[in-house]
1. Has segment 109-116 got at least one residue that is within 15 Å of the chain's Cα centre (by Cα) and open to solvent by 10 Å² or more (accessible area, probe 1.4 Å)?
2. Only one of Ser162, Ser248 is in contact (Cβ under 8 Å) with a residue 12 or more places away in the chain, of a type in the set (Gly, Ala, Ser), closer than 30 Å to Pro18 by Cα and open to solvent by 30 Å² or more (accessible area, probe 1.4 Å); which?
3. Which condition from (1) without any contact (Cβ under 8 Å) to a residue 40 or more places away in the chain; (2) of a type outside the set (Ser, Thr, Tyr); (3) in contact with a helix residue (DSSP H, G or I) (Cβ under 6 Å, 6 or more places away or on another chain) is the one that Glu206 breaks?
4. May I ask you to list the residues in segment 176-195 that are surrounded by fewer than 16 Cβ atoms within 10 Å (Cβ to Cβ), on the phi < 0 side of the Ramachandran plot and not hydroxyl-bearing (Ser, Thr, Tyr)?
5. Between a residue in segment 80-98 that is over 19 Å from Thr131 (Cβ atoms) and any residue that is among the hydroxyl-bearing types (Ser, Thr, Tyr) and assigned to a strand (DSSP E or B), which pairs come within a Cβ distance under 6 Å, given they are 6 or more apart or on different chains?
6. Looking at segment 59-73 only, could you name the residues that are of a type in the set (A, V, I, L, M) and either open to solvent by less than 20 Å² (accessible area, probe 1.4 Å) or within 22 Å of Asp16 (Cβ to Cβ) (or both)?
7. Looking at (1) of a type in the set (S, T, N, Q); (2) open to solvent by 70 Å² or more (accessible area, probe 1.4 Å); (3) touching a Cys at 6+ places or on another chain (Cβ under 6 Å), which one does Asn13 not meet, given that it meets all the others?
8. Collect the residues in segment 85-117 that are in contact with a His (Cβ under 9 Å, 6 or more places away or on another chain) and closer than 14 Å to Asp16 by Cβ, keeping them in residue-number order.
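The values are calculated or read from the model by the stated rules, or taken from the named source; none is laboratory data. Nothing here was measured: the structure is a model prediction, and the numbers come from that model. Glycine gets a Cβ as well: all are built from the backbone with ideal geometry, and neighbour counts include every protein chain shown. Heavy atoms of the whole protein, side chains included, go into the accessibility calculation; ligands, DNA and RNA do not. Shrake-Rupley method; radii C 1.70, N 1.55, O 1.52, S 1.80 Å.
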Amino acid sequence: MPQHIKKQYWFENWFDSPYYHLLYQHRDKQEARNFITKLIQLLQLPENSTLLDLACGKGRHSIHFAQNKLLVTGIDLSRQSIHYAQQFEKENLSFFMHDMRNPFRINYFDAVMNLFTSFGYFENENDNLKTLQSATASMKSGGVLVIDFMNAKKVIRQMKKSESKKIDDIHFHIKKHLECGFLIKQINFSHNKEEFCFNEKVKTLELPDFQNYFKQCGLVLSACYGDYQLNAFDEVNSDRLILIARKS
């Protein structure tokens, strides 16, 4: 590929599409608020702690963190999402378009959050490591990193190879398969007489993979939870893989 041609990643197209937000509009906002409240209590983050919401999307998590009197910065690669989120900015809440593979404010944040499976998108394994290295660089010494990821083993075991959803008169046809260590989701639909096809591609990372990343980044895993109620992680039955790590 010529050097002057920038490769377009799947998430650059899909996350900037209005159809992405339409398809996932069912996400439980109350569950997210309860989870964030539990996290703040668990981590004992005092008022005015600095927090980075990594891959913040439209800012729904960032907003709730800010409501709990934290100093919150949300970053995301999606121009459309950041533009939307910026309408909610206030004294303790700001949003910036930024690639999470690159550091943002060195040694600045008390906590970094990466929530709702916003990791493992990159084809190049080094990019996953770069993301965590950059997150680590953004944190103060003793800072905490929280990663909320899917429990890959359970997702794979329960995976439906195909399903359809009708939302606002749009029929989304979704097919899933595994390929080279990635969960691939192909999303097809038509709207206004135009055919669309988007892909999602997430690496099926498991606990040992994250432990390896953390070791390379100088992070120490301090806790591991399996759901938004912060119950203990069980690799067979848990819905989520929620990791708490601290910068040494």
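1. yes
2. Answer to the selection: Ser162.
3. For Glu206, the failing item is (1).
4. His177, Leu178, Glu179, Ile184, Gln186, Asn188, His191, Glu194, Glu195
5. Final answer for the pair search is Ser94/Thr73.
6. Selection gives Ile63, Ala66, Leu70, Val72.
7. (3)
8. If the condition is that a residue be in contact with a His (Cβ under 9 Å, 6 or more places away or on another chain) and closer than 14 Å to Asp16 by Cβ, then Met97 is the only one that fits.
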